Structure formats: structure tokens, C-alpha cells
Amino acid sequence: MVTRLYSHPIYLEHLTPPGHPERPDRLRVIERVLDDEGFSGLDRVLAPDGDPATILYAHPQSFLDKVRAAIPETGMTKIDGDTAVSPKSWQAALTAIGAANAAVDDVFEARADNVFVASRPPGHHAEKTTAMGFCLFNNAAIAARHAQKTHGAQRVAIVDWDVHHGNGTQDIFWDDASVLYCSTHQMPLYPGTGAPGETGVGNIVNAPLSPGTGSDVFRDAFRSRVLPAVDAFAPDLIIISAGFDAHHRDPLAEINLVEDDFDWATGQLMESADRHAKGRLVSLLEGGYDLQGLAFSVAAHVGRLMKG
Ligand SMILES: [Zn+2]
């Protein structure tokens, strides 16, 4: 098994206000935990620059221009109540897209069996024309369309286990039957979308979880809702929107998962990818705001990717 890891120092330069949960330290603790010799087999690659034209796979030019225009020369600007940008945010966002697209290239061109992208800003709340929830552009959506446009993928499945619903990904693919979007998330919780009745053109599967949900109920939802949908869809590629804020230590939600749940869910999706997609699996970091919970969960997730 070759598991590739993309990261880049520019991701530390996307700054958010003091006390903001989506902060550069998140990537520092991930870097530290993956420094352990158990991860010495990772194929570590510096994330490449992204092509701004690929942003248009998921967002209109007017939105791209609006985000670029909001980037300040100094200090920080708020795009919405909880989404801030700083001078290097454009380059960070572009490099997050670059890594996501490169990860897709890697699994289609057999440079890696699977890939984890440790980037920020995250992406799954970014709708076609709205940056929100710490997200500027929808990395997973852009990567899915990149797989279709560049590698001829017919069907891409995006599985999102971040504790928040990926309203942005749902919005972008709402009427696109070539992309399956499956999400487990706490409800009620930000952003408020993700009810089971939101099904798009039959390509959206929402499995909301009540506050206080633990491992068993999460795994049941994954087993009964997410995995059958992925299997029935038979994707050419699986993209994971890998947020780790459903961990019991996370301060932003009340789901009580442990590291082993992320190991298990990763293994299940790897088996699906083996059945349908020649093993092609790309995982993109979304949320996760308790530094210890995040680091240990990423270690479990990446450890599983490496083990096969
Ligand atoms: Zn989240």
C-alpha cells in the first residue's frame, strides 16, 4: 500500500481571530502525530499550487472574484460571522485545492493507493456562491469534478463524516446524479441543513445523529444508510470529507465517537473503494477542533489508510 500525504506550510498562514477554533495549531498537532515512526512509510509530498480555473468547477467566476477581492493586504477581514481571511488566505485556499486535485490525479494515475490531504481552510460548507462556516471554496466538490473532467470518472461518491452537515457539497451537487453525497452529522447543529428528506435527485443521503450519539449508533447509521448507498452507486472514486469533530472531546458538538470509530469507518470505505473503484480513495481534512482528539483521530484514520 502507498498512502500519500499532502501538506504545506502555507496552510499555517491562513489566520483566524484569537480564540477561533479553526486555527493553524490544528495542522501543527497533525504534523506532530504523523511524525511518529509508525508513519515513516507515508509518501510525504508538498502540496502543489492550485489552478484557479478549477475553482470554476464548483463556483461561478463572480464568486471567485468576490472572495479574492475580500483578501486584505494586512490584518484580517470577516467574510461572515465566523469565516475570516488574512493576507495569505488566497494562496492557502488555492493550495488546498491544488492538493485535493493532485490527490485525485495520484489515485487515477496509480502513484498512490490512497491519499490524505492535511490542509486548511476546509471546504464542505462552501456553497456555489457562499463562503461560510470557516470554508472559502469547496475542495471536495472541486476534486470530484476534477476526477470527472480530467480522468473520465462517471460517478464520484463523497462521504462526509464531519459532525456538521456539508451544506455546501449538498448545494453544489443537488441536481447532479453523477455525484453521490452521503453525510452523517449531528442534528440539530450548524448549519441546520441535512434532514433525511433532503435527497436531491436521489443522490443525497443524509443520516443525522442526535446529540449524545456514541459509537454504536454512528456505526449503525454508517452501515445501514451510507455504505449501502455507496455500494449501490458503484463509484469510480470515493472522496472522504474527513472532519474529526464528532470526537467526544470536540468542543463544537455533542457526538461521542472515539478514534477507533474513524479507523473502522475508514476501513469500511476502503473496502467499498476496493469493490467498485480499484481502491481509489482520497481523504480531505475538514473540521476537528479539540487538538488532542483531532491528532489521535487523524492518526487512526491515516494508520488505517496505510494498513489497507
Ligand atoms: Zn465540522
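Below are the figures for this structure:
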item: Accessible area of the range 144-262 belonging to carbon and sulfur atoms, whole % at 1.4 Å probe; result: 51 percent
item: Amide H contacts of residue 162 (H built 1.01 Å from N, under 5 Å, at least 5 apart or other chain); result: 243
item: Percent antiparallel among DSSP beta bridges (both partners in the chain, rounded to 5); result: 10 percent
item: Label-point separation in nm, residue 78 to residue 39, each point 7 Å along Cα→Cβ; result: 3.3 nm
item: The range 45-135, accessible surface, carbon-and-sulfur percent (1.4 angstrom probe); result: 54 percent
item: Residues of the chain: accessible area per residue with a 1.4 Å probe, Å²; result: 36 Å²
item: Label-point gap, in nm, between residue 20 and residue 110 - each point 7 angstrom along Cα→Cβ; result: 4.3 nm
item: Counting DSSP beta bridges with both ends in the range 77-215, the antiparallel % (nearest 5); result: 25 percent
item: Cross-link pairs 149/307; 66/278; 278/307 - those with Cα-Cα distance over 28 Å; result: 149/307; 66/278
item: Segment residue 248-residue 151, length gained on full extension (0.36 nm per residue, minus Cα span); result: 31.1 nm
item: Nearest-0.05 FRET efficiency for residue 224 and residue 175, computed from C-beta distance (R0 30 Å); result: 0.70
item: Along each principal axis, Cα extent of the range 203-294, largest first, Å; result: 36, 23, 22
item: Between the range 31-101 and the range 225-297, the Cα center-to-center distance that results, in Å; result: 21 Å
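The values are calculated or read from the model by the stated rules, or taken from the named source; none is laboratory data. The structure displayed is predicted, hence computed values, not measured ones. All Cβ positions, even for glycine, are placed from backbone atoms using ideal geometry, and neighbour counts span all protein chains on display. For the accessible areas, the whole protein counts, side chains as well, though only heavy atoms, and no ligand, DNA or RNA atoms are used. Shrake-Rupley method; radii C 1.70, N 1.55, O 1.52, S 1.80 Å.
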